[in-house]
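Taking it in order: structure first as structure tokens, then the write-up.
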Amino acid sequence: MVDGKEYRGCGGEPAALLQGKEWVVEDIDRGGIIDRSRVTLNFDARDRVFGRSGCNTYNGRYTLTGEGLSVTDPVSTLKACAESLMQQEKRFLEILGGVQRFELTDDGALRLLTADGHSITARR
């Protein structure tokens with residue numbers, strides 16, 4: 001069950017699981033995120049992913065194949081922020097660009113995973 005909708009079997013259309021309300025990132029690679037920073041994910045029907053990466057905004061293209069998910073060349077604006085925010089943003093964009101699959105946890109979180117075990121976790 002996601003956002004009040006029940007999915008059976010393979011979960012229906014994978015895009016429907018991602019699209020809709022904004023996902024707010026709560027963890028980048030099991031290190032949390034900097035307090036009061038805002039990192040978000042939005043998946044639209046035109047295969048675009050976009051949002052805030054902490055300091056800047058970003059966008060890219062995504063491709064879905066079942067539970068497979070890839071993000072092509074996420075790019076961001078070039079505003080400068082505190083070094084810690086810039087490092088968090090760099091890590092987020094690196095992991096996002098390496099995503100190969102996604103899963104929804106039992107408690108409704110979206111987990112994006114790379115082949116080498118890095119992850120981003122977000123909630124609506």
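The values are calculated or read from the model by the stated rules, or taken from the named source; none is laboratory data. Quick caveat: nothing in here was measured; it's all calculated off a predicted structure. Note: ideal-geometry Cβ built from the backbone for every residue, glycine included; neighbour counts use all protein chains shown. Ligands, DNA and RNA are stripped out before the accessible areas are found, and what is left, the full protein with its side chains, is counted by its heavy atoms. Shrake-Rupley method; radii C 1.70, N 1.55, O 1.52, S 1.80 Å.
Which FRET efficiency value, to the nearest 0.05, is calculated for R111 and T65 with the Förster distance at 22 angstrom and r the Cβ-Cβ distance? Walk me through the numbers before you get to the answer.
Values: r = 17 Å, r/R0 = 0.78.
The formula returns an efficiency of 0.80 here.
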Pick from V24, V75, V49: which residue has the top mean-square fluctuation in a GNM of the chain where Cα pairs under 10 Å get a spring?
V75
For Rg and Dmax of the Cα atoms in Å, pick the label among [x] 13.9, 45; [y] 14.9, 43; [z] 13.1, 36 that corresponds to the value derived from the coordinates.
[x]
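Would you tally the net charge around K90, using a Cβ to Cβ cut-off of less than 15 Å, leaving K90 out, and scoring K and R as +1, D and E as -1? Mind dumping the intermediate values first?
On the way: positive: R52, K79, R91; negative: D29, D73, E83, E89, E94.
Taking every other residue near K90 into account, the sum is -2.
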Percent RCO, i.e. relative contact order, over the chain, from Cα pairs under 8 Å lying at least 6 residues apart:
23
Give me the 1.4 Å probe accessible area per residue for the chain, excluding ligands and nucleic acids, in Å².
56
Could you list which residues have their amide H under 5 Å from that of G20, counting only those 5 or more apart in sequence or on another chain, with H placed in the peptide plane?
F43
Below 26 Å, Cα to Cα, which lysines can K5 reach? Residues fewer than 8 away in the same chain don't count.
K21
Roughly speaking, to the nearest percent, how much of the range 1-91's 1.4 Å accessible area is carbon and sulfur?
51
Student exercise, the chain dipole from Lys, Arg, Asp, Glu Cβ charges, in Debye to nearest 20
340
Rounded to the nearest 10 Å², what accessible area does R38 have for a 1.4 Å probe in the complete protein model?
110
Note, ³J(HN,Hα) from phi for the range 79-94, Karplus 6.51, -1.76, 1.60, rounded to Hz, x at Gly and Pro:
5, 8, 9, 4, 4, 5, 5, 5, 5, 4, 4, 4, 5, 4, 5, 4
Could you give the nm distance between label points at D47 and E13, where each point is 7 Å from its Cα heading toward the beta carbon?
1.5
